[in-house]
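Peer 1: Pasting a structure here, questions to come.
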Amino acid sequence: MRIRHKPLREQVIVITGASSGIGLATARAAARRGARVVLAARNAAALDDIVHDIQERGGEARAVVTDVSRREDIEALAAEAVRAYGGFDTWVNNAGLSIFGRLEEVSDADHRRLFDVNFWGIVYGSTVALQHLKRSGGALVNLGSVASDLAFPIQGMYSASKHAIKGFTDALRMELQEEGAPVSVTLIKPASIDTPFPEHARNYMTRAPKLPPPVYDPADVAEAILYAAEHGPRDVYIGGGGKLMSSLRKRVPAVTDWMGAAVVSKTQKAGVAGRDRNGALYAAGRDGAVRGGSPHHVMRSVYTQASINPVLTGILLAGATAAAASLLGRPGRS
């Protein structure tokens, strides 16, 4: 069955983890482009402020307090979208968090809680959303990570959860294709993004966690998610650095193992001392911010912009071809 995606201005979009970071950036961008957004997170006060701000700017938004680790909360979220707008066209499973610490040091309870949020939250969100999307058609967008392709030391269980999300998402996509369901399934794979992600993480280290560079702007992720809502690509990498690391992992895994042990592990421990925190693993953290104040230079990803913008891709290819032809056509100098 052919999958048809509505223009954003005609869509209702459900977004989990919408009170900060990537989710908040996506909600604001979607509302600016005319979509009606249903925002889910645990922090009721932050959600109310965000909805008010969107409405003040002429957008339309609703908030539903949701713990994605609880299927009943996800079912209530979907029911509210149906009650308020008659349904939804795109469902974005964005909620997630991390733990910074060596695998042997992290408690079993913390490991299980991370999987409850990161993995089971996406399982619940996907299966509940499909009860509606399989009838009406639309897009399912799951947030994976570059850590879906390669592991990061110090964030071992986070990496494991993102590997699990990739496996689940890939299998689900194939099952829907077999059925002929009118639903696209996209896996978004961000590299390091400047959001409050480190501040929300459970931290076992004696220093505040930092994400390894290169670090990208959350606007790149929001644009990729909204592109998926309208076009339904299989997957989108955020950041050329992340795509490069994924490719290296496939071709020379020993090199990425060395980089992880020698570079990435130390980079994540380079924050200020005395910042051991519980984060938002069990309770909502301080929300309402898109950016996280990364100490590294935060860049926009030309790679991602090209991958979701065929016109830009064509211009870049044409420019590269012309430059190569010019160089090859120059007469030699004696």
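Peer 1: Tally up the residues in the range 195-231 that are farther than 19 Å from Met299 by Cβ and assigned to a loop (DSSP other than H, G, I, E, B), please.
Peer 2: Residues in the range 195-231 being farther than 19 Å from Met299 by Cβ and assigned to a loop (DSSP other than H, G, I, E, B): 6 in total.
Peer 1: Given Ala139, Ala181, Ala208, which one is buried (at least 24 other Cβ atoms within 10 Å of the Cβ) and touching a residue at least 12 places away in the same chain (Cβ under 8 Å)?
Peer 2: Of the residues listed, the single one that is buried (at least 24 other Cβ atoms within 10 Å of the Cβ) and touching a residue at least 12 places away in the same chain (Cβ under 8 Å) is Ala139.
Peer 1: Within the range 236-277, work out how many residues are farther than 25 Å from Ile188 by Cα and modelled with pLDDT of 85 or more.
Peer 2: Residues in the range 236-277 being farther than 25 Å from Ile188 by Cα and modelled with pLDDT of 85 or more: 1 in total.
Peer 1: Can you tell me which residue in the range 87-123 is farthest from Thr186 (Cα to Cα), limited to those that are among the small types (Gly, Ala, Ser) and touching a residue at least 12 places away in the same chain (Cβ under 8 Å)?
Peer 2: This residue is Gly101.
Peer 1: What number of residues within the range 54-70 satisfy the criterion of being surrounded by fewer than 16 Cβ atoms within 10 Å (Cβ to Cβ) and assigned to a helix (DSSP H, G or I)?
Peer 2: 2
Peer 1: If you scan the range 211-247, which residues turn out to be surrounded by fewer than 24 Cβ atoms within 10 Å (Cβ to Cβ) and of a type in the set (Asp, Glu)?
Peer 2: Asp217, Glu223, Glu230, Asp235
Peer 1: Is it true that some residue in the range 22-31 is in contact with a His (Cβ under 7 Å, 6 or more places away or on another chain) and under 20 Å from Ala224 (Cβ atoms)?
Peer 2: no
Peer 1: Check off (1) of a type in the set (Asp, Glu); (2) crowded, with 17+ Cβ neighbours inside 10 Å; (3) over 25 Å from Trp258 (Cα atoms) for Asp149 and give me the number that stays unchecked.
Peer 2: Only one criterion in (1) of a type in the set (Asp, Glu); (2) crowded, with 17+ Cβ neighbours inside 10 Å; (3) over 25 Å from Trp258 (Cα atoms) is unmet by Asp149, namely (3).
Peer 1: Being among the basic types (Lys, Arg), free of Cβ contacts under 8 Å to residues at least 12 places away in the same chain and surrounded by fewer than 24 Cβ atoms within 10 Å (Cβ to Cβ) is true for just one of Arg9, Arg83. Which residue is that?
Peer 2: Arg83
Peer 1: Would you point out which residue out of Leu103, Leu97 is buried (at least 18 other Cβ atoms within 10 Å of the Cβ) and either in contact with a Lys or Arg (Cβ under 9 Å, 6 or more places away or on another chain) or part of a loop (DSSP other than H, G, I, E, B) (or both)?
Peer 2: Leu97
Peer 1: OK, next. Going through the range 37-53 one residue at a time, which ones are crowded, with 21+ Cβ neighbours inside 10 Å and either over 18 Å from the mean Cα position of the chain (by Cα) or in a helix (DSSP H, G or I) (or both)?
Peer 2: Answer for the range 37-53, where residues must be crowded, with 21+ Cβ neighbours inside 10 Å and either over 18 Å from the mean Cα position of the chain (by Cα) or in a helix (DSSP H, G or I) (or both): Asn43, Ala46, Leu47, Ile50, Val51.
The values are calculated or read from the model by the stated rules, or taken from the named source; none is laboratory data. Because the structure is a prediction, the values reported are computed rather than measured. All Cβ positions, even for glycine, are placed from backbone atoms using ideal geometry, and neighbour counts span all protein chains on display.
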